[in-house]
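Heads up: the structure comes next, in structure tokens.
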Amino acid sequence: TQLLEQSPQFLSIQEGENLTVYCNSSSVFSSLQWYRQEPGEGPVLLVTVVTGGEVKKLKRLTFQFGDARKDSSLHITAAQPGDTGLYLCAGGLAGNNRKLIWGLGTSLAVNP
Amino acid sequence: NAGVMQNPRHLVRRRGQEARLRCSPMKGHSHVYWYRQLPEEGLKFMVYLQKENIIDESGMPKERFSAEFPKEGPSILRIQQVVRGDSAAYFCASSQVPGGTEAFFGQGTRLTVV
């Protein structure tokens, strides 16, 4: 059973397009992180959200944590080839923040 | 400020041999986490350690796998008598505070068992 469901699993778009990827769960998380992983490398932390309804912006990336802290979204504006990679969400369960629960990721390809 | 350092980056072992994977956390980080990643399964938590203590090893197989984080030196993930199914990318992450939030990952060790 996958506690964190990410969608879509794969996404291929043209440079300049906008996109949104989702991270959904039936569980409540005390915090949720988004990471980006490139082939052959480790995940790199992009953002941490902790408050229901929280919105954080990182240049062209906008992260939102659901009001009930069960889901999150990542929106990329005007995607660039450098955005290509695997986007992973990971959550710390309320009451047990010792280990992160990971989604399987959304593999994004931005074509020039 | 060096990031999380893992070595080796690539490790090839024959079935039955031992594999030792090393992880040096970021400076000032005393919490270390080991994960295994397989292409179709995503990142799976294995073990969480603080200096000289194993805090949570619920994700680590009971046999052949062990981990330590000594007072001095890197954290070690040890796999004895490796089998083909152990082939995977093993990632180490460290954090300054407990819980794995704001964890920073190393580049991983890719273990291939032949």
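Contact order normalised by length for chain B, with contacts defined as Cα pairs under 8 Å and 6 or more residues apart; what percent is it? Numbers along the way, then the final one.
Values: 295 pairs, mean separation 42.0, N = 114.
Result for chain B is 37 percent.
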Here the net charge surrounding residue A:110, from other residues whose Cβ is less than 15 Å away from its Cβ (Lys, Arg +1; Asp, Glu -1), is -1
Correct semi-axes for chain B, from √(5λ) of the alpha-carbon gyration tensor and rounded to whole Å with the largest first, are 22, 14, 13
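Using 0.36 nm per residue of separation minus the Cα-Cα distance, give me the extension gain between residue B:55 and residue B:7 in nm, one decimal.
Values: separation 48, 0.36 × 48 = 17.28 nm, distance 2.30 nm.
Full extension from residue B:55 to residue B:7 adds 15.0 nm.
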Any idea how far apart residue B:68 and residue A:44 come out in nm if each label point goes 7 Å out from Cα toward Cβ? 3.5 nm
Counting other C-beta atoms within 10 Å, and keeping those with at most 10, which DSSP coil GluC sites (Glu not before Pro) do you find in region A:8-112? none
Counting alpha carbon pairs within less than 8 Å and at least 6 residues apart, what relative contact order, in whole percent, applies to region B:1-57? 25 percent
Added length on full extension, which subtracts the Cα-Cα distance from 0.36 nm per residue, residue A:51 to residue A:18: 9.4 nm
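Which whole-number value in Å² is the accessible area per residue of chain A, probe 1.4 Å?
Details: 5230 Å² over 112 residues.
Result: 47 Å² per residue.
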Local net charge near residue B:75, Cβ-Cβ under 10 Å (Lys/Arg +1, Asp/Glu -1): +1
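Normalising by the residue count of region A:24-112, find the relative contact order in percent from Cα pairs under 8 Å and 6+ residues apart.
Values: 191 pairs, mean separation 26.7, N = 89.
For region A:24-112, the relative contact order is 30 percent.
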Amide H partners (placed H, <5 Å) of residue A:30, local residues excluded: A:92, A:93, A:94
Set of lysines near residue A:57 by C-alpha distance (under 22 Å), chain-local residues within fewer than 8 positions excluded: A:70
Take a quick pass over chain B and tell me how many lysine pairs come in under 17 angstrom between Cα atoms, counting only ones 8 or more apart or on separate chains. 4
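For the protein assembly as shown, what does the equivalent ellipsoid look like in terms of its semi-axes, each the square root of 5 times an eigenvalue of the Cα gyration tensor, given largest first in whole Å? Before the final figure, lay out each step's value.
On the way: eigenvalues 180, 81, 50 Å².
Equivalent ellipsoid semi-axes, largest first: 30, 20, 16 Å.
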Once amide H atoms are placed 1.01 Å from N in the peptide plane, what residues at a sequence separation of 5 or more from residue B:17, or on another chain, have their amide H within under 5 Å of its amide H? B:82
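The values are calculated or read from the model by the stated rules, or taken from the named source; none is laboratory data. Keep in mind the model is a prediction, meaning the values are calculated, not measured. Neighbour counts run over all protein chains shown; Cβ positions are idealised from the backbone, glycine included. When the accessible area is computed, the model is the full protein with side chains, heavy atoms only, and any ligands, DNA or RNA have been set aside. Shrake-Rupley method; radii C 1.70, N 1.55, O 1.52, S 1.80 Å.
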